[in-house]
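One structure is given here, and the rest of the page talks about it.
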Amino acid sequence: MGLFNFFKNKNAAVSESNEALPLIPEDVFIEKDNTSNVSYSSTYQGIYLIYNYLQSDFESRGYNDALVSPDEKYKEDNLKLIKYDLEIILHQVKTYHDSMLKEIDFHISSRSRAGLIDLVEELRTKKEDLTEHIDKVREIENSLRMNTGLFERAILAYGRGFTKGLASITQSSLLTKQF
């Protein structure tokens with residue numbers, strides 16, 4: 001037995017007789033998510049959580065709400081709920097950003113003491129990006145207070161959908177009847 005044959009393992013991909021060993025299933029290393037109702041908050045973090053919420057299909061939501069209850073008070077309540085949901089997400093994101101900022105600061109301090117100059121510079125770049133995200137969150141928060149900007153898009157889309165729903169009710173119930 002030669003020196004190189006000594007290190008050969010019978011579990012190698014191909015044995016000396018060129019027989020293929022059983023293949024490992026492709027999904028062995030892929031984590032399965034067994035939850036059927038996955039929230040967008042588990043997928044998105046930071047400012048992307050806000051962007052994802054603001055890109056929701058508020059028009060369809062408004063349309064469906066109009067079909068459920070074509071009442072102006074119902075519409076106003078749902079608009080308030082949209083605003084409150086965004087406020088909750090803003091608080092989540094601000095908490096997440098504060099935590100990340102503290103963690104980055106700790107790592108910058110710790111790695112500086114260890115003399116890891118390149119890593120510290122990379123962390124400072126990450127901190128700058130995070131600071132820019134924090135500023136954007138503040139802008140979104142201000143636009144929420146003033147009912148302008150990205151928040152206004154959600155409100156307009158919801159109102160448009162609600163109006164389409166009202167029109168659909170009228171279309172299907174009155175305009176199709178013969179007099």
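One table, with the values for the structure above:
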| quantity | calculated |
| --- | --- |
| Qualifying residues in region 136-177 (those that are of a type in the set (Ser, Thr, Tyr) and either closer than 15 Å to residue 67 by Cβ or surrounded by 13 or more Cβ atoms within 10 Å (Cβ to Cβ) (or both)) - the one modelled with the lowest pLDDT | 173 |
| Single residue of region 54-76 satisfying the filter (free of Cβ contacts under 8 Å to residues at least 40 places away in the same chain and closer than 24 Å to residue 142 by Cβ) that is surrounded by the most Cβ atoms within 10 Å (Cβ to Cβ) | 55 |
| Inter-residue pairs, beta-carbon under 8 Å, first closer than 28 Å to residue 80 by Cα and in region 127-146, second surrounded by fewer than 17 Cβ atoms within 10 Å (Cβ to Cβ) and among the acidic types (Asp, Glu), 6+ apart | 143/152; 144/87 |
| Residue that is farthest from residue 147 (Cα to Cα) [pool: residues in region 77-88 that are free of Cβ contacts under 8 Å to residues at least 24 places away in the same chain and not aliphatic (A, V, I, L, M)] | 77 |
| Where residue 115 falls short, out of the listed (1) exposed (fewer than 14 other Cβ atoms within 10 Å of the Cβ); (2) assigned to a helix (DSSP H, G or I) | (2) |
| Residue within region 89-101 that is more than 23 Å from residue 44 (Cβ to Cβ) and free of Cβ contacts under 8 Å to residues at least 24 places away in the same chain present | no |
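The values are calculated or read from the model by the stated rules, or taken from the named source; none is laboratory data. The shown structure was predicted, so the numbers you read here are calculated from the model rather than taken from an experiment. Every residue, glycine as well, gets a Cβ built from its backbone with ideal geometry; the counts of neighbours run over all protein chains shown.
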